[in-house]
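Asks: Mind looking over this structure? Questions follow.
The values are calculated or read from the model by the stated rules, or taken from the named source; none is laboratory data. What you see is a predicted model; the values in this text were computed from it and never measured. Don't worry about glycine lacking a Cβ; one is built from the backbone with ideal geometry, like all the others, and counts go over all protein chains shown.
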Amino acid sequence: MLITLRKNSLSPATALALVMAISLAAGCQATKPAPAASTPSPSIQLQPYTASDQSASAGVPSGWQVTSGQQTVIAMTGPGGVTLTLGNTFVAQNGPFQLGKKGANGADLAMPYTDSLAQKLTMILQQGAALAGKPTPPLTINSTTPIQLPASVGQCARFVASFTGPQGPMKLMAVLCSLAPNPGGQYKNITLVAQAPEAVADQAAPTAQAVFQSYRIPSAFLQQKLAPVSASAASGGAPTAASLAAGAADLREAQQIVHSTNVAAAAATNSSNCFDLSVLRGTPTALLPRSCGGLAP
């Protein structure tokens, strides 16, 4: 039920497995607060895996197999039909949802930015199924747990859901983060997904949660992943403050350019830090720094 991704495109079938994968781990964390640190249970042994382009890493449980790893996305499968995918990004165009049609300017889909995260998750799954030429199974969202993030970054939540697929009744747990839109109305949606047949879901949930907690994205890649769809002043390909200042009309303008660039860079660093702490590490709100909406100094 996933849609193809720009730059790290996947087949519709693979995309579907990835989106569903996030749900299992998210549901596990929704029923019980995630620990501040990402240390998995001692009984769950994970082997370290790093994507070939060094863009992300995660632990792989015994008996599981990594099926892809590049551009911050890691996908793997486990026994009993369990699938898990970390870090898929879907670009949406703010506008009415049209099943099976992509959004303007190369967006993966169109959907209203003001819709709830639960509605967005449902639309992403429906779009993936439509693009894969598959029927859209009804999705029942059983619980939604917001994740603390600064409003300037976007909104995130964990979901537990269920649906009936070709394999029969399935359990789905997911994390969905919908980031702030650019001036053109395009915005990124980042998912962590896990899915499993209902018969093995309870058994697989702790393992999926441990994998989720082990997921890491290096700072440079994370800042790029969280940047607006259009190039930003803080992105890696943007001109440096020094080069911009050199072409400034006068010293005051140059100082303003340097200041603006430094502010943008600091904001990007804080956004990636908050995303890492809240979404990837599951840090409780009380332990988050104030810059991330928490209570800690």
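Asks: Mind checking which residues of region 106-115 are closer than 16 Å to Phe90 by Cβ and surrounded by fewer than 21 Cβ atoms within 10 Å (Cβ to Cβ)?
Replies: Of region 106-115, the ones closer than 16 Å to Phe90 by Cβ are 106-113, 115.
Once the filter is applied, which keeps residues that are closer than 16 Å to Phe90 by Cβ and surrounded by fewer than 21 Cβ atoms within 10 Å (Cβ to Cβ), region 106-115 yields Gly106, Ala110, Pro112, Tyr113, Asp115.
Asks: I would also like to ask the following. Looking only at strands (runs of 3 or more DSSP E) that lie completely in region 43-100, which have at least 2 residues being among the polar types (S, T, N, Q) and crowded, with 21+ Cβ neighbours inside 10 Å? First the steps, then the outcome.
Replies: Values: elements: 46-50, 57-61, 65-70, 73-78, 82-93.
In region 43-100, 82-93 are the strands (runs of 3 or more DSSP E) which contain 2 or more residues that are among the polar types (S, T, N, Q) and crowded, with 21+ Cβ neighbours inside 10 Å.
Asks: Could you please let me know if Pro228 is modelled with pLDDT of 80 or more and either within 22 Å of Arg158 (Cα to Cα) or in a loop (DSSP other than H, G, I, E, B) (or both)?
Replies: Working: modelled with pLDDT of 80 or more: yes; either within 22 Å of Arg158 (Cα to Cα) or in a loop (DSSP other than H, G, I, E, B) (or both): yes.
The answer is yes for Pro228.
Asks: Among the candidates Gln127, Gln54, single out the residue that is in the same structural domain as Leu172 (by TED's automatic domain parsing) and either within 22 Å of Val160 (Cα to Cα) or without any contact (Cβ under 8 Å) to a residue 24 or more places away in the chain (or both).
Replies: Just a single option satisfies the conditions, and that option is Gln127.
Asks: Just to be sure I understand, how many residues within region 101-125 are more than 21 Å from Val175 (Cβ to Cβ) and either among the β-branched types (Val, Ile, Thr) or in a helix (DSSP H, G or I) (or both)?
Replies: 3
Asks: Is it fair to say Thr72 is touching a strand residue (DSSP E or B) at 6+ places or on another chain (Cβ under 9 Å), more than 22 Å from Gln45 (Cα to Cα), at pLDDT 95 or above and among the hydroxyl-bearing types (Ser, Thr, Tyr)?
Replies: On the way: touching a strand residue (DSSP E or B) at 6+ places or on another chain (Cβ under 9 Å): yes; more than 22 Å from Gln45 (Cα to Cα): yes; at pLDDT 95 or above: yes; among the hydroxyl-bearing types (Ser, Thr, Tyr): yes.
Spelling it out, Thr72 is indeed touching a strand residue (DSSP E or B) at 6+ places or on another chain (Cβ under 9 Å), more than 22 Å from Gln45 (Cα to Cα), at pLDDT 95 or above and among the hydroxyl-bearing types (Ser, Thr, Tyr).
Asks: Looking at region 128-141, which of its residues are out of contact with any Phe, Trp or Tyr (no Cβ under 8 Å at 6 or more places or on another chain) and not in a loop (DSSP other than H, G, I, E, B)?
Replies: Gly128, Ala129, Ala130, Leu131
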